[in-house]
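Report on the following structure.
The values are calculated or read from the model by the stated rules, or taken from the named source; none is laboratory data. None of these values were measured; they are calculated from a predicted model. Here the Cβ is made from the backbone with ideal geometry for all residues, glycine too, and neighbour counts use every protein chain on show. For accessibility, only protein heavy atoms count, side chains too; no ligands or nucleic acids. Shrake-Rupley method; radii C 1.70, N 1.55, O 1.52, S 1.80 Å.
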Number of protein chains: 2
Amino acid sequence: MQLGLSFSDSDVSSFTPLVVLELADDTKAEAITWLLNRIRDKQQNGGAELLVNQLLFPAQDDQKSNPNVFVVGSTLQRLLNGAEDVGLFKEFQDGTMRGFTYANRESFKDFNGDGEGFLSDAECQYIIKHGLDTLRAKNEQHVPGYPKLKLYPGKSVVRRLQSKGVLIQYFPLHNKEDLKRLSFSWYKKFKLSFQPLDDIRHYFGEGLALYFGFLEYFTFALVPMALIGIPYYLFDWEDYDKYVLFAVFNLVWSTVFLEVWKRCSATLAYGWGTLSRKKAFEEPRAGFHGALGFNPVTGREEPVYPSSKRQLRIYLVSVPFVLLCLYLSFYVMMVYFDMEFWAINTYHENPNIATSILLFVPSIIYAVVIEIMNLLYRCAAEFLTDWENHRLESSFQNHLVLKVLVFNFVNCFASLFYIAFVMQNMVLLRQSLATLLITSQILNQVMEAFLPYWLQRRRNKKVHKRMRRLMGDKELPLLGQVQLETEMNTYLGTFDDYLEQFLLFGYVSLFSCVYPLAAVLVVLNNITEVYSDAFKMCHVFKRPFSEPAANIGVWQLAFETMSIIAVVTNCALIGLSPQVKAYFPESDTQLILIVVAIEHVLLAFKFILAFVIPDVPKHIQVKLAKLDFDSLEALKKRVRYVWNKILTCCNLPSAFFFFF
Amino acid sequence: MQLGLSFSDSDVSSFTPLVVLELADDTKAEAITWLLNRIRDKQQNGGAELLVNQLLFPAQDDQKSNPNVFVVGSTLQRLLNGAEDVGLFKEFQDGTMRGFTYANRESFKDFNGDGEGFLSDAECQYIIKHGLDTLRAKNEQHVPGYPKLKLYPGKSVVRRLQSKGVLIQYFPLHNKEDLKRLSFSWYKKFKLSFQPLDDIRHYFGEGLALYFGFLEYFTFALVPMALIGIPYYLFDWEDYDKYVLFAVFNLVWSTVFLEVWKRCSATLAYGWGTLSRKKAFEEPRAGFHGALGFNPVTGREEPVYPSSKRQLRIYLVSVPFVLLCLYLSFYVMMVYFDMEFWAINTYHENPNIATSILLFVPSIIYAVVIEIMNLLYRCAAEFLTDWENHRLESSFQNHLVLKVLVFNFVNCFASLFYIAFVMQNMVLLRQSLATLLITSQILNQVMEAFLPYWLQRRRNKKVHKRMRRLMGDKELPLLGQVQLETEMNTYLGTFDDYLEQFLLFGYVSLFSCVYPLAAVLVVLNNITEVYSDAFKMCHVFKRPFSEPAANIGVWQLAFETMSIIAVVTNCALIGLSPQVKAYFPESDTQLILIVVAIEHVLLAFKFILAFVIPDVPKHIQVKLAKLDFDSLEALKKRVRYVWNKILTCCNLPSAFFFFF
């Protein structure tokens, strides 16, 4: 629980600062006073009972730095109580994972003395975030000083301040020592070993650790395919009709891959105690707005937005917009094919080195255009989904993921499907696939890691220079760190990372039988991806709040859908192969019927497999059942104990007994 | 809660008898004494705290009747406490359904005075059954008098007695007055109105009420199809190529049908309070056996049976057996086709009335043979599944349903698929379908209702005669009723009823486009089915214990699988129709590709639809969320109340507080 900071700047903070809170620099003083009081107030008075201090930067001449930066910390007692409130699971003495309760604190592993060091930094920060998020308005009509910032009883204060830009951001501080250790074991030494997932989880939380776990699993799962792919590529270079075996391998692989991952993910989540953790009550989004009305569930007054209006926005604006974008994407594809034909013709008219390079140019341009379109569309999709005014973050995320996935899928794969099944040109398919894959990988790595890193370095240097000029030789590590991290980019969640893996999975599972090197390329990409992602998490972005997660959520569904499409595609590719066609020399009809029949059997088999294989491994099921059983037994004992205590020591009204 | 019985035979029973318990007539006296004591013993001593009395029949000369027949009843207080134990949901004052608690009893609707009449008969009987089922062995090593009937702490006594045949049966008594009322409103008056589902649920429980609800829903859903079918049949008699439109209608219908049913079922289950009810802990089956070992979850000593052994039995015996039966079924099908061809040839050689009747004979024989094979296979499947030694009833049921469904599906539909897609003979398909459907319906009605009814009447008369001879003019209604009901057949659950509907659904959704009258026939069948099923429940079978159910369980999955097969089949039938073929005069390939593409789109659409349409209607979701919210609020209030009480009135060790 200690941040590796010296507190020589002790006027700044008398406690371990864990979270930084940045308000707009023109925030009215009365609002600040009110907010700090509410944060400091006791929990029984509806406060968050946290410690908070203003960070006072030395006066500056040339560049104004924001005076309204605060650091938030907490007492150990509050953190331990908070751990119970948020339903944290910790390791029990017997090695199982159990919901932490303050009463049983002594029975948890690694709980020594007063509990110092029991909770990890990330957990403490998560508890503080929860405390801030659930700080609710009492009887205030509006935020003091801001008559337009209406409040109603029960509204999350932080969400309201955020929605109107008074609260610019709040984020957890990095812990330099832990970070050093983590980055050393993670990516600093080059080694052939697994990632330190437990340490990653410890520092960044379960959501991110699961992403890296998935990335690793995916990469390892691709290795056999890559190993088969290399000889295929080397010895059957021009023999496109030999791909049937590889397609069959793909079929089996893409099905088994996801089923096994579900079980791995359950095992990881059990070990981290998130598997059986209940979902917390979900707050309305910060941006959600509506006329004041009554919540049909709680009966309390709060903004409501009629779902019919939202449906109208979705079906009359969003859906047509998505369709328009899809049309645009098809149009661009057609332009690409025109370019492609033009390049081929040019090459045939005058075959030399220049024109043979020209052959690849349309594909490269197309790959770049696809990336740009994806980026633009992403912004539009975010704007639209925000405008749809979803009440819950989860519903917002689902609509966003759906929009982005459909477009990305069409944008990236439409041309490949067109080449494969309409043009039936396997040579062109192979060439397009290779160009698309390589170009998008290079672009991705640049956009994702090198560019932000370069920008970050420039910024760091500037901040360092400024700090040195201001404070001379004085060592003010906390001030420096806060200043630095405040200006770092915010990590926007695992969405883009999963999306990239999703598209790579698509390239591999759909078409790798035609271009066996695809798996090799993806493996290479993912190895660098691990390093660049690790680096960007540690040094490019602000530390994100840890986020408990039991699985990869909606992405599991997305990958499964892709694997179903992969079955259909691979069957169709098999049916198209000259090798298979040779068996049915006289009749296409028979061939098609057989391929379709096999495809149906495979799809049925896939569904049965998904149904039969339990998502959670047997030994973990037993552990979970045991946990349930134990807690039931404990409850019974507790009721008996309380009952006896009450009977022996006090005279309560008889109705009281029935409360148990 | 009153059974409509006069208790002039007051020496027989001093309480309202609700459940009859029949032990083997040679049961040892010490075992009987022990069992009765355990049943009567207080709950805190591990007993069931129920009232139980022996029924003493007058001595008989010629026919010995079993002396070991007992009636079980209960005090009102025990029933109300039991209602809380089993987690019964009742209507609250505000119209919502809430888990009944004794403490809040006054806040429930219809709770007057001491609660007389608050619980229905079926509920009381369910509570008594639960009390008997959860009567557990304490430290007994074996059942007194039966050293071989081993017991271990925690083993359900009733299950053990049942497994060795000491306990022959236990069943709830009919309530003659309620039954009269119910049967009057249900099937005695012919009317065009819905069934009294609430009354059925009140008398027979949710499981059966849901079956009748489904039967009704299915029948009504078929009416539009039947209405379209009649003109189709009348005007397009010989025009088989006009069935495309009807196939499209089938496609849409079978998808919408099941989605809407899910919502109807949720609405019904919410109204009956079973939707949000948690599943009770499942006891091992009565027939489950194994060597004593340790349960990995509870750590207690109990019989365990290695799942590897079970897997061996399943894969080495059951699966080969099922495959053999399927082969047999195919073989019979082939014999049928031989007969069919012989009949057609005979007709063509010598067309007259006799030979034209002969045309239908093979189909009729085949339909009868199918029914017989289904029956035989059913017995074998039950034997095998029992031999697989599943620990839980639910796992037993799933394996049984799977075995029976696969065989029934193949047995009933294989010939139709063969005719449709291999022989592509639509005239024969129509004829076979009609014969199969009509024959199996007639057989079903006879086997299911008339035969048992006739047997039952004979038995009733015999019992009445015997009773009259024995007791002369004395009125002993309870004795007579018990004697009568003991000898009635036991209703074995809704399995056969759902299976019949499943097959009918198959006939309609798969092939009704070729034979539009199918829907009409099924509607007619189901109307008589409602009446005959209602009659058989009321008068042919023993009253079954009510069984809480929130949905139709595994049958939903079975019907959904059938509707997926229906999409494939209907698409294929459309592709085969001359009407569609006419559009692609030169190329079959193109036609097949288009049909396959459309089929894939339809399947995808079906899955998306199933995913998008919420299973529980919005307004019920809100009600459920409100319930959750209210109970959370109530818990908070209760904790605060208890806390204050304790603070104000007694001095407990501080650790005590953390128990809340």
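For A:Arg430, the stated conditions hold: it is among the basic types (Lys, Arg) and buried (at least 18 other Cβ atoms within 10 Å of the Cβ). The residue of the range B:573-593 that is nearest to the chain's Cα centre (by Cα), among those that are within 11 Å of chain A (Cβ to nearest Cβ) and either open to solvent by 70 Å² or more (accessible area, probe 1.4 Å) or under 16 Å from B:Arg430 (Cβ atoms) (or both), is B:Leu593. Restricting attention to the range A:73-89, the residues that are open to solvent by 30 Å² or more (accessible area, probe 1.4 Å) and part of a strand (DSSP E or B) total 1.
When you check B:Pro224 against the structure, is it open to solvent by 30 Å² or more (accessible area, probe 1.4 Å) and within 14 Å of another protein chain (Cβ to nearest Cβ), yes or no? It is false that B:Pro224 is open to solvent by 30 Å² or more (accessible area, probe 1.4 Å) and within 14 Å of another protein chain (Cβ to nearest Cβ).
A quick yes/no check of all residues on (1) in contact with a Pro (Cβ under 9 Å, 6 or more places away or on another chain); (2) farther than 30 Å from A:Lys618 by Cα; (3) open to solvent by 70 Å² or more (accessible area, probe 1.4 Å):
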| position | (1), (2), (3) |
| --- | --- |
| B:Thr267 | yes, yes, no |
| B:Arg277 | yes, no, no |
| B:Asn295 | no, no, no |
| B:Gly299 | no, no, no |
| B:Arg313 | no, no, no |
| B:His348 | no, yes, yes |
| B:Thr355 | no, yes, no |
| B:Ser363 | no, yes, no |
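With respect to (1) within 14 Å of chain B (Cβ to nearest Cβ); (2) assigned to a loop (DSSP other than H, G, I, E, B); (3) open to solvent by 30 Å² or more (accessible area, probe 1.4 Å), the lone exception for A:Phe57 is condition (1). Residue check: A:Val319 meets all listed conditions (1) open to solvent by 80 Å² or more (accessible area, probe 1.4 Å); (2) closer than 20 Å to A:Leu375 by Cα but one, namely (1). For the range B:93-106, the tally of residues that are surrounded by fewer than 13 Cβ atoms within 10 Å (Cβ to Cβ) and either touching a strand residue (DSSP E or B) at 6+ places or on another chain (Cβ under 7 Å) or within 17 Å of B:Phe629 (Cα to Cα) (or both) stands at 2.
Counting the residues of the range B:594-642 that are open to solvent by less than 80 Å² (accessible area, probe 1.4 Å), within 37 Å of the chain's Cα centre (by Cα), closer than 30 Å to B:Phe257 by Cβ and more than 10 Å from every other protein chain (Cβ to nearest Cβ) gives 10. Taken over the range A:291-345, the criterion of being within 14 Å of another protein chain (Cβ to nearest Cβ), part of a helix (DSSP H, G or I) and free of Cβ contacts under 8 Å to residues at least 40 places away in the same chain is satisfied by A:Ser307, A:Ser308, A:Gln311, A:Tyr315, A:Val319. The number of residues in the range A:583-593 that are of a type in the set (A, V, I, L, M, F, W, C) and free of Cβ contacts under 8 Å to residues at least 12 places away in the same chain comes to 2.
Kindly indicate whether any position in the range B:512-530 is within 14 Å of chain A (Cβ to nearest Cβ) and in contact with a Gly (Cβ under 8 Å, 6 or more places away or on another chain). Within the range B:512-530, not a single residue is within 14 Å of chain A (Cβ to nearest Cβ) and in contact with a Gly (Cβ under 8 Å, 6 or more places away or on another chain). Against the conditions (1) within 30 Å of the chain's Cα centre (by Cα); (2) loosely packed, with under 12 Cβ neighbours inside 10 Å, B:Val304 satisfies every one except (2). Taking the condition in contact (Cβ under 8 Å) with a residue 60 or more places away in the chain, away from chain B (no Cβ under 14 Å), over 30 Å from the mean Cα position of the chain (by Cα) and open to solvent by less than 40 Å² (accessible area, probe 1.4 Å), does A:Ser65 pass? When the stated conditions are applied, A:Ser65 passes them. In the condition set (1) in contact with an Asp or Glu (Cβ under 7 Å, 6 or more places away or on another chain); (2) closer than 30 Å to B:Val422 by Cα, B:Ile613 is compliant with all but (2).
Pairs linking a residue in the range B:518-536 that is among the hydroxyl-bearing types (Ser, Thr, Tyr) to a residue that is in a helix (DSSP H, G or I), with Cβ atoms under 7 Å and 6 or more positions apart or on different chains, are B:Thr528/B:Gln445; B:Tyr531/B:Tyr187; B:Ser532/B:Gln445; B:Ser532/B:Glu448; B:Ser532/B:Ala449. If the condition is being within 12 Å of another protein chain (Cβ to nearest Cβ), in contact (Cβ under 8 Å) with a residue 24 or more places away in the chain and within 28 Å of B:Gly271 (Cβ to Cβ), then the range B:548-572 contributes B:Val554, B:Glu560. Applying the condition of being crowded, with 18+ Cβ neighbours inside 10 Å, polar (S, T, N, Q) and at pLDDT 85 or above to the range A:1-52 and asking which residue is farthest from A:Gln481 (Cα to Cα) yields A:Thr27.
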